[in-house]
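Here is the structure we will look at, set down as structure tokens.
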Amino acid sequence: MTRYVMSIDLRRCVGCQTCTAACKGANATPPGVQWRRVLDVETGEFPDVQRIFLPGACMHCATPPCEEVCPTRATTQRADGVVNINYHLCIGCANCVMACPFDARTIVHKTHFSYGDQPLPSESIRFDPERVAVSMKCNFCKDRIDEAAATGLTPGIHPEVTPACVNSCISGAMEFGDLDDPESNVSRLLRETQHYRMHEELGTEPGVYYIWNQS
Amino acid sequence: MKNRAKRIADLVAPRQQRNWDGRAASNFIAGGAGGSLLLFAALVGLEADATRTAILLGLVLIGGGLTCVWFEIGRPWRALNVYRHFATSWMTREAVVALAVFAAGGGAFLTVWQPLVVLAGIMGLAFLYSQARILSANKGIPTWRHPRSVPLMVATGLAEGAGFLACVASMSSSLISIWILAGLIALIAGRAVFWKSYLGGLTADGAPDAALKVLGGIDSRFVVFGHVLPALALVAVLAGMPGRAGLIFVAGLMVVATGWFLKFTLIRRAAFTQGLAIVHSPVRGRGAGGAAAKPGWTAMIGFKA
């Protein structure tokens, strides 16, 4: 079996938002929509404070609540763990948006572009009307992952078949790979470090691990 | 810079959901009351005309709520796709039950044949329950996913249906039996118990501070206008006070109006997202990790720091 997950080393992230920009470039998301974002969080009380950069997106949960509530089967979980949306089936009811504890889903009801109603040439090439008024979110760049089967390349190792955000990370904070493969980058990192998954108490078993210290 | 900082903070802390507006809320507001009204129309056994009126009102409420939702969804012409996931989606189940409600309710309205009236009542109850489960399945909204939200939604739906029935029955004094009044008082008391239980559970188990503030803010108004005053009016009727039809009508109306107020508050005003959390701050260099953080939450129960 294959279970694609991501690890994010909070010690390494510098909050540069390159992953956010790379995601926008790779997936042509509309203005104001970020499938991958980096939040700037301050913790503690003065003078004992700390600034943390927290990259977030769809967690591709093992038991995704969005998939459970979706009335149309537009949201499904693939055999490799990627949670995907079929835009042709989605009715834009927003039930999945409410079910997601990670605020990872967005619905844009009206078409708008970077500079008003008219698209830039680059936007008009990549504009997908099927993504208007339906739910959308990070899909781990599934088209790239799917190329792995044809090319024999390994997601997480070869950039051609690795999510754009991971490829772009300037500090090497993000890793991607198969959790069921003990020799994958992610499996090795998780063995060597202390990590957590967000909102584990909700039982969704997120597929994104936040590394915070060495073992 | 100020605006940018505000936007980032908004994403970290719980924020009021904006995807389900008044149209979605209307489905829960009207649909729950309508389903419950069908149930009580079957249970109480009114005269044929009054039964027809109650059934018609129940169907109009359910149909009106569903129509509001249809206007809200992003792709309304694909609405029939809603029937594709009966296995786990309570929204699909609600849609399936709605078909049964209209089939049985339509037949019951035309014939007032008791088995059909009873079937419509059962389907009405199933519709109300489905709506309660739709809310509780949404793990992203802490005030909805709390296990006590289901009994609260069912309790307020039942009270609203009974309140509507009392209004219908008050049109004809011969229809008002002591059992209807006693039943309505019991449902009012039940809703008060479930409300307090829900609020207590939410406070104990943890919810976004902003949501607790909203719900705490309506507590006294909801209890007084939705429970104390209607119950006093009904007790006065039982005690033989003159103007019983008017008192029953007003009491029923207050139960319905406050139930709708509660549902609107739950679905729009108190529906804050989970927000994000940092369970462990990163350990950088020689320093130690900082404090855990869950912005917008005071209660940290269930939070593994």
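Each reported figure results from applying straightforward, stated rules to the coordinates on display, with no laboratory input. No experiment lies behind these values; they were computed from the predicted model shown. All Cβ positions, glycine included, derive from the backbone under ideal geometry; neighbour counts span all protein chains shown.
Peptide A:60-69 has a mean shielding of 3, counted as Cβ atoms of other protein chains within 10 Å of each residue's Cβ.
With neighbour counts taken as other beta-carbon atoms within 10 Å, the residues B:PHE225, B:PHE164, A:PHE53, B:PHE86 rank, fewest first, as B:PHE86, B:PHE225, A:PHE53, B:PHE164.
Could you work out, for chain B, what percent of all Cα-Cα pairs fall into each 10 Å distance bin, beginning at 0 Å and stopping at the bin that holds the largest distance? Histogram of Cα-Cα distances, whole percents per bin: 6, 25, 29, 21, 11, 5, 2, 1, 0. On a 0 to 90 degree scale, rounded to 10, what angle separates helix B:90-111 from the longest Cα axis of chain B? The helix B:90-111 is inclined about 10 degrees to chain B. Per-residue shielding of B:284-294, expressed as the average number of other chain Cβ atoms within 10 Å of the residue Cβ, stands at 4.
Were the residues from A:THR63 through A:ASN86 laid out at 0.36 nm apart, the gain over their Cα-Cα distance would be 6.5 nm.
Note on segment B:173-217: Rg/Rh from Cα positions, Kirkwood definition for Rh, rounded to two decimals, is 1.29. The angle between the Cα long axis of helix B:178-205 and the main principal axis of chain B comes to about 0°, on a 0 to 90 degree scale. Highest mean packing comes first when the peptides B:113-123, A:4-14 are listed by Cβ atoms within 10 Å, giving A:4-14, B:113-123. Rounded, prolate or oblate: pick one for segment A:4-214, where a ≥ b ≥ c are the square roots of the eigenvalues of its C-alpha gyration tensor, a/c under 1.5 means rounded, and failing that, prolate if a/b is larger than b/c, else oblate. Rounded. Inter-chain neighbour count for A:70-79: the average number of beta-carbon atoms from partner chains within 10 Å of each residue's beta-carbon is 5. Of the cross-linked pairs A:LYS110/B:LYS213; A:LYS24/A:LYS110; B:LYS139/B:LYS294, those separated by over 25 Å at the C-alpha level are A:LYS110/B:LYS213. Rounded to the nearest whole angstrom, the semi-axes of the ellipsoid equivalent to the protein assembly as shown, taken from the Cα gyration tensor as √(5λ), stand at 49, 26, 18, largest first.
Look at where the Cα atoms of segment B:89-115 and of segment B:242-270 average out, and the two centres are 25 Å apart. For segment A:106-138 versus segment A:167-206, the inter-centroid distance based on Cα atoms is 31 Å. Taking the C-alpha atoms only, the angle from helix A:18-27 to the longest principal axis of chain A is near 40 degrees.
From most to least packed by mean Cβ count within 10 Å, the peptides B:43-49, B:226-232 give B:226-232, B:43-49.
Taking other Cβ atoms within 10 Å as a rough exposure proxy, A:MET1, B:MET153 sort from fewest to most as A:MET1, B:MET153.
With neighbour counts taken as other beta-carbon atoms within 10 Å, the residues A:THR75, A:THR2 rank, fewest first, as A:THR2, A:THR75.
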